[in-house]
Amino acid sequence: MFTWNFHYISKARLSETLRQLNLPSKKGEVLVRIHTAIHLADEAVDLARFIKNIVPNATIFGTSTSSVINGGRYAQNQCIISVSLMDDGKIRSQMIPYMDAENDSIVPAKLICGQIKHELIEDDTKLLLTAISGKYMDSMVFIDRCNDTFPGLPMMGGVVSSNTSTMAELTKDGFVFNEETWSAHAILLASFSGSELESFVSCATGIQVIGEEEEITDTFRSALLTIGNQDAVSAFTFGLPELLDDFPRMRLLLPYVYTDLEEVPVYMDYCPDTSLQVLFPKDEPQNVQDYAIRSDIDVEVERNLLCTQYSIQPGNKIRRAFIYDEKVASDNRLMFRRVESFEKAETIFAYTGFVRMTNFKNFTKWELSAYENSNACGCTMAGGIAFVRGRNLLTSNAFTIAAIGEKPYAQEFNPYALSHTESLTAENKEVLDFLVDVENQVERSGNEAEIMRMRSILQVCERKLLFSDYDEVPNEAALKLDIKLRGYDRLCIINVMEKAEMESVFTSHHIDLTFKNYMGKCINFARLKKYHVYLLGGWQIAIAETSFRVSRSDFVRDMEILQRELFEYSEDFIAIVPIFCVIDGCAADNMWLLYNTARATMMNKNIQFYVCDASEENNLDEESVRERYHIINVINYAISNDKVVPYFQGIYDNKQKEINHYEALMRLVDENGKVYYPNSFLDVARSYGVFYDEMSKIMIRKVFERFHNMDDISVSMNISIRDIKNPDIVNLIYEKLSQEKYPSQFILEILENEDVDDYTELVGFVDRIHELGGMVSIDDFGSGFSNLQHLLSIHSDYLKIDGSIIRNCCTSKDSENIIAMISGWKMLSGNKVCIVAEFVENEAIQEKVVSYGVDYSQGYLFSKPAPDIIQSAR
Amino acid sequence: MGKDNSKKTIALVVENIFTDFAGGLIQSLANAIHLYKNINLVVIAGQYDLTRTLVPQYREYLTSYNAIYQLQQQCKFDGMIVCLGSMVPANVELFDRWVKRNQHMPTVYTVCEIEDRVSVNYDNTTGIREAVDYLVNFNGFRHFAMMGGREDNFDSMKRKSIYAQSLAEYGITFEEKDYIATEMFVDTQEEARILLDRNPDVQAIFCVNDSVAIGLYQEMARRRLVPGKDIMVFGFDNTKTSTRMIPSLASVGAGNETMGKKALELLLKMIDGEQVESATVGTRFYGRESLPYSMYEFSNIDWRNIEEETIYNMFDECFYRYKPEFVSREAIDLRRLFKEIITHINQALRNQYMSSDDFNETKDLIRIFFENGAMRYTDTERFLTYINRLDTSINATQNRSNAGHIEYVNRLFSYARDCVIHSLSKTIRNKNDEQTRFRRDLLDFLVDIEDADAEQDNVVNRIVANFEKLNMRDAALFCFTQPVNYEKGVEDFFPETIRLCCLTKSGELHVISEERRLGRLSEMYQRVELAEIYKECATFPIFYKTRYYGFLVCKIDSMITTSGECIAQQIGRSIYLLGEKLI
């Protein structure tokens, strides 16, 4: 068996695709499923005929739908065509009307089932694809009868929906079709038989039964009149009927289940202010009989009614249930594992309930995503058939999967999807908010007894939503709720980072053991201190408390103790490094933002314990921000108005006893003529890289201009690592240098303020400068820590000792020693490097540096930076 | 590399650091600086030296001590808050010089008014009037008296006239016989005797400040008169003393805004170059046993539907020393915690049910409440009155038949009373322990530095080596290179440099290496080594007679304000005795 799925685009493309499949030449039987949300009934029949003409041996099985499913995704307003080719198996299909057109009456389900059994079912039938069109009130009876007539045969499909987005319209225009006709009152069936054929059918709902058993005591058609002799609406809302007006979603989140069919929820529609005769028109053939029998009921009175989709009988037992994310996840995981391990999974049918698709979008998306890449194909059904415990059930809110095939075949699935439940958390949060709202509403109204009953139910639900699967520890949703309601604003998030590494080395048993120990320690510690602990997922734990219950220092101290405890060495467990991030003053909405910011800081500094204060994070220093913007303006103005100007400071040659060298220093001038020094603008410029680059270029041009072809004086200019990495700037320097008659008068001072990560680049630059005849100097030698590395890899011509060392050389022996060391190194290595001392402010310093053989002195003693060169000896 | 402009150092120049009034001001300032970033507070405290009864050697001591005021001239500060009430009149000339010298430094004066200067003063009117209103309207009193202050004291004169004015509005005459002036100190028994002799039928006496009431109490005790029963008594300043007196003294004090906070607010504006006007801080009347009065009656509270604001009012009324500026992210917000406790109790009352879990949780909160020093912000008598009132009020409104939860609530109240007693006894015990330890530490220190064997003849190094023994958590020792001789009247006599010898940080000793000790005196309070201490610190002079050796700078806590002077004195004395060799 093999299956191809494709979207219908045009007849031409369809015929081309079908021709490519070359089906007529293959011997097996062919089933073509069409689920369309874009064709009217007649168009659909036309499409079926078109296909039948191309593939004469095909069996056509068509339904309308509101959205189609293909390969793990669903889409609205599309038409999907799925072609399945059998190897040996047989496909039988038939459309059976449930309305007798001649006398306008319902065909008894028993007759239909008899016909199906006779026409479609064989001994080796493995799956019955079923599509019921229109509002067939006796669907439940029909399915039940099927269970009796051919027990154990899984059915797939359900009640067909039309292309609409509202529940009320859903079944009205739904139809089934084949190449001959369409019908809004018929059941279309297709059976798969064959000795080699095997099938597996399962469903996932995510429902959890929580309530006591109650009995339906009166009904009319599909309307529930009384439950436990209490008005049905009142019973459903625990005596607070107005709740349904405010919270219609309650029907979906807290549905009933039949006690004998606890796996699937009962869908109920809430019809306020209406009468039975409006809901069930007297003239509709399906209803006639009931009106005849139930003359005791006032069918005209207006009231609030709860209606299921299908006829329902008194005496059925029901219980309250609840749908929530953890259960959805576990149901799906279970189903997926079984589908995955089913050997002959050649074809996957996937159907999902309309209610689920529209009300639990995140659930639907998530559960489908596991079947991405497979050939899963199907559509949304108004009511789906689920095969549970050997019986077929009709439900509106389930995700059903059938796997069928004749030979072993491995589908490609996407099992990873199931371990990422973030999208479910969003749904969870929504549901939780809903429950809290309901709870508040309940608190405000009703009497004590009702409130208590409702509260107990809601609390059960909330517990389900709020606790992680580990040992009753509350989850992230609970944390956020508690932050909101109880005002927890001191929070410590604990996490263990190297999980992937752990998994690659240790057994899962070993990891589990370590996890249990880790969790246990955290939980016990928190309980001992009466803090509140949450499992946020994976290894991530949060410990929270209110700020009025514990002071920050105490909280931080306790967390430090816990960290030490977790570090404790033991042979039984893997050594883990938990990181602790204390967030003070957090709120539900900024918690992750603060945490992520803090994590970034922690990563940078490589620390495992960090305290961040929300109030400080948000407190911008207004003054510095204003200053920053002012400086940006100044820079901008200077660049565009030619106000980036070089100042020149003379450097004294200690041998020649004269100033014959200058350093070019950058200054900015603003509109008012105020001069700005680098320390006021350089940081800002650097953080806006383009500014910095532009300023560098201007400086280079101007300096080269000023010293063009001068042979008696030389100049040095500052070049940062950033500049060297910028090809524009480097090329500009090369170009200018190559045009110079005396290139050796130009010295490039390399600043070491950015980390050098690429020495080859730097060395390349230096070599090129040397090739062009230029000189290189290392600036601020002694200020960083990596300078010796510089010294060895760069053949620099000058070495400028950092000013702070020079300034202190008269008062600090240590500083003096460094100067001695540098000059000693120069002598030892016989290096011809020249040594420059900056910040030479007085005679004492000058004497000292000269005594160590420093070649050049720069400082206020000799010259101050000025807009132009001032040639004067001392 | 410019200086960090955002960091500001502010000096608080005050007399008599150990008085309740100064303590309150320092505390309120220390709390207020936490509202701002990067502000350091340096307290420079001298001593009041103008009392009549001084023996000459003591006067000499105080004169030398007051040389410390030179620091505010010689050190670099961004602004100054001055609180030297009694120095103003007695030392007008000196004070004038100060004012002139500080003309360009932003300065805020407290409790005194100087022309063209920004000052913060008590709005004396509201509180005094509140008390008079109560006495006249509620008790129907007609005969009032007052123990006043010095003629030259600005506030005392103001208070007198307001008192007289308030009485006059009720048609009550306030004559000279109803009034007696005092020196505004505790030794007022004689004045009290005269006043009581003159007015045997007096019904209420207003004391110009809380200290004055002490003499009055003594005199009344001698005559077997009970304050609050026979004669109503109330004071001014609402100091801690007032709550410790027996019976506790009703007093007028600052309302929600403290003097320190207001002064700082003005000063910071001045530093930023804004024009500011002098301001007043509101006062209110705090009733106690000597004049029972309360702003709120809780008997009419509907416990089922209590508003959040009412709970906060209840808290403020009882824990009146707890100001909003105490609420920092670091510590526990007691107001909020109080609300939580009351909310728990309310819930029990509303639901007519309290689970044992809930009971235990509430009990735990009460424990935390008191463990975090709630009793620091009220006085016992006041608290007990309040809790009784609450208890009665709750019991009165509840239906006794369904009493499970009431039982719990009552148990919570008695637990709260237990906590109070426990916390008070702990405070007293700690105080005793602290004093014992202090004496022992000081003794150990003194003995050890006198160790004759010591090779070291440099006495400072001996002190440094034993500095830890003084058990001061955050303190720094500054010494000059040479002893400085102080001559009265000479200004700016401190040398330009001073050496930071050692410091303790969180109890840990850091000895500064020789070459890094020296620094400028003017930048003494900007040295990076003690950033943490400078957040709020007090300075004590180290001297003997007229020989000045240096300063002890300590982070402010309750112990240091009372013992700092003593420690500094002992260090000074030792340096003198051990040969004055400072390096």
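Any idea which of (1) modelled with pLDDT of 90 or more; (2) part of a loop (DSSP other than H, G, I, E, B) is the one residue B:159 doesn't satisfy?
Here residue B:159 meets the rest and fails (2).
Scan segment A:176-195 for residues that are in contact with a Gly (Cβ under 7 Å, 6 or more places away or on another chain) and modelled with pLDDT of 90 or more and jot them down.
Hits for segment A:176-195 are A:176, A:177, A:178, A:192, A:193, A:194.
I need the full set of residues from segment A:568-590 which are within 13 Å of residue A:542 (Cα to Cα) and within 14 Å of another protein chain (Cβ to nearest Cβ), in order please.
Within segment A:568-590, A:582, A:583, A:584, A:586 meet the criteria.
Can you go through A:491, A:479 and tell me which one is more than 22 Å from residue B:339 (Cα to Cα) and either of a type in the set (A, V, I, L, M, F, W, C) or within 14 Å of another protein chain (Cβ to nearest Cβ) (or both)?
A:479
Can you run down the residue pairs with Cβ atoms below 6 Å, 6 or more apart or on separate chains, where the first is in segment A:539-566 and within 14 Å of chain B (Cβ to nearest Cβ) and the partner is surrounded by fewer than 20 Cβ atoms within 10 Å (Cβ to Cβ) and small (Gly, Ala, Ser)?
Here the result reads A:546/A:487; A:551/B:331, each pair linking segment A:539-566 to a residue that is surrounded by fewer than 20 Cβ atoms within 10 Å (Cβ to Cβ) and small (Gly, Ala, Ser).
Checking residue A:523 against (1) of a type outside the set (Gly, Ala, Ser); (2) exposed (fewer than 13 other Cβ atoms within 10 Å of the Cβ); (3) more than 14 Å from chain B (Cβ to nearest Cβ), which single condition isn't satisfied?
Every condition holds for residue A:523 apart from (2).
Could you give every pair whose Cβ atoms fall below 8 Å, whose first residue belongs to segment A:417-437 and is outside any loop (DSSP other than H, G, I, E, B), and whose second residue is of a type in the set (Ser, Thr, Tyr), counting only separations of at least 6 or pairs across chains?
Qualifying pairs under 8 Å: A:417/A:369; A:428/A:324; A:431/A:324.
What number of residues in segment B:237-284 are of a type in the set (Gly, Ala, Ser), part of a strand (DSSP E or B) and within 24 Å of residue B:377 (Cα to Cα)?
4
Pull up segment B:345-373, narrow it to residues that are more than 11 Å from chain A (Cβ to nearest Cβ) and closer than 26 Å to residue B:425 by Cβ, then point me to the one that is modelled with the lowest pLDDT.
This residue is B:345.
Given the residues A:701, A:686, which is the only one that is away from every other protein chain (no Cβ under 14 Å), within 22 Å of residue A:724 (Cα to Cα) and within 37 Å of the chain's Cα centre (by Cα)?
One residue alone meets the criteria, A:686.
Taking the conditions exactly as written (within 14 Å of another protein chain (Cβ to nearest Cβ) and either hydrophobic (A, V, I, L, M, F, W, C) or touching a Ser or Thr at 6+ places or on another chain (Cβ under 8 Å) (or both)), does residue A:665 satisfy them or not?
Spelling it out, it is not the case that residue A:665 is within 14 Å of another protein chain (Cβ to nearest Cβ) and either hydrophobic (A, V, I, L, M, F, W, C) or touching a Ser or Thr at 6+ places or on another chain (Cβ under 8 Å) (or both).
Since residue B:2 meets every condition but one in (1) under 25 Å from residue B:275 (Cα atoms); (2) modelled with pLDDT under 85; (3) touching a helix residue (DSSP H, G or I) at 6+ places or on another chain (Cβ under 9 Å), which condition does it not meet?
Going through (1) under 25 Å from residue B:275 (Cα atoms); (2) modelled with pLDDT under 85; (3) touching a helix residue (DSSP H, G or I) at 6+ places or on another chain (Cβ under 9 Å) one by one, residue B:2 breaks only (1).
Filter segment B:534-559 down to the residues that are out of contact with any helix residue (DSSP H, G or I) (no Cβ under 7 Å at 6 or more places or on another chain) and surrounded by 22 or more Cβ atoms within 10 Å (Cβ to Cβ) and list them by number.
B:537, B:550, B:551
Assess whether residue B:234 counts as being in contact with an Asp or Glu (Cβ under 8 Å, 6 or more places away or on another chain), crowded, with 22+ Cβ neighbours inside 10 Å and part of a strand (DSSP E or B).
No.
Tell me which of these residue A:657 doesn't satisfy, since it passes every other one: (1) touching a Lys or Arg at 6+ places or on another chain (Cβ under 8 Å); (2) surrounded by 13 or more Cβ atoms within 10 Å (Cβ to Cβ); (3) at pLDDT below 90.
Of (1) touching a Lys or Arg at 6+ places or on another chain (Cβ under 8 Å); (2) surrounded by 13 or more Cβ atoms within 10 Å (Cβ to Cβ); (3) at pLDDT below 90, only one is false for residue A:657: (2).
Every residue in segment A:270-303 that is among the hydrophobic types (A, V, I, L, M, F, W, C) and within 22 Å of residue A:242 (Cβ to Cβ), please.
Answer for segment A:270-303, where residues must be among the hydrophobic types (A, V, I, L, M, F, W, C) and within 22 Å of residue A:242 (Cβ to Cβ): A:271, A:276, A:278, A:279, A:301.
Mind counting the residues in segment A:103-147 that are aromatic (Phe, Trp, Tyr) and touching a His at 6+ places or on another chain (Cβ under 7 Å)?
Residues meeting the conditions: 0.
How many residues, within segment B:339-360, are of a type in the set (Asp, Glu) and touching a helix residue (DSSP H, G or I) at 6+ places or on another chain (Cβ under 7 Å)?
Total meeting the criteria: 2.
Looking at (1) assigned to a helix (DSSP H, G or I); (2) buried (at least 17 other Cβ atoms within 10 Å of the Cβ); (3) within 14 Å of chain B (Cβ to nearest Cβ), can you tell me which one residue A:639 breaks?
Here residue A:639 meets the rest and fails (3).
Could you please find all residues in segment A:555-579 being of a type in the set (D, E, K, R) and within 28 Å of residue A:477 (Cβ to Cβ)?
A:558, A:565
Can you work out which of the residues in segment A:237-248 that are exposed (fewer than 14 other Cβ atoms within 10 Å of the Cβ) and in contact (Cβ under 8 Å) with a residue 24 or more places away in the chain is nearest to residue A:462 (Cα to Cα)?
Step by step, filter segment A:237-248, then rank; the result is A:246.
For segment A:800-816, give me each residue that is within 19 Å of residue A:716 (Cβ to Cβ) and in contact with a Cys (Cβ under 7 Å, 6 or more places away or on another chain).
Matches in segment A:800-816: none.
Based on this model, can you work out whether residue B:467 counts as part of a helix (DSSP H, G or I) and farther than 18 Å from residue B:368 by Cβ?
Criteria met by residue B:467.
Rundown of residues vs (1) without any contact (Cβ under 8 Å) to a residue 24 or more places away in the chain; (2) under 23 Å from residue A:453 (Cα atoms), yes/no style:
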site	(1), (2)
A:203	no, no
A:211	no, yes
A:221	no, no
A:235	yes, yes
A:254	no, yes
A:266	no, yes
A:281	yes, no
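Among the candidates A:718, A:726, A:731, A:709, single out the residue that is under 54 Å from the mean Cα position of the chain (by Cα), touching a residue at least 12 places away in the same chain (Cβ under 8 Å) and either farther than 21 Å from residue A:800 by Cβ or surrounded by fewer than 19 Cβ atoms within 10 Å (Cβ to Cβ) (or both).
None of the others qualify; the one that does is A:726.
Residue A:90 - would you say it is over 43 Å from the mean Cα position of the chain (by Cα), farther than 21 Å from residue A:393 by Cα and among the basic types (Lys, Arg)?
Against the criterion (over 43 Å from the mean Cα position of the chain (by Cα), farther than 21 Å from residue A:393 by Cα and among the basic types (Lys, Arg)), residue A:90 qualifies.
Take residue A:367 and tell me if it is acidic (Asp, Glu), surrounded by 22 or more Cβ atoms within 10 Å (Cβ to Cβ) and more than 24 Å from the chain's Cα centre (by Cα).
In short, no.
The values are calculated or read from the model by the stated rules, or taken from the named source; none is laboratory data. Quantities reported herein were computed from a predicted structural model and do not represent experimental measurements. Virtual Cβ from ideal backbone geometry, glycine too; neighbours counted across all protein chains shown.
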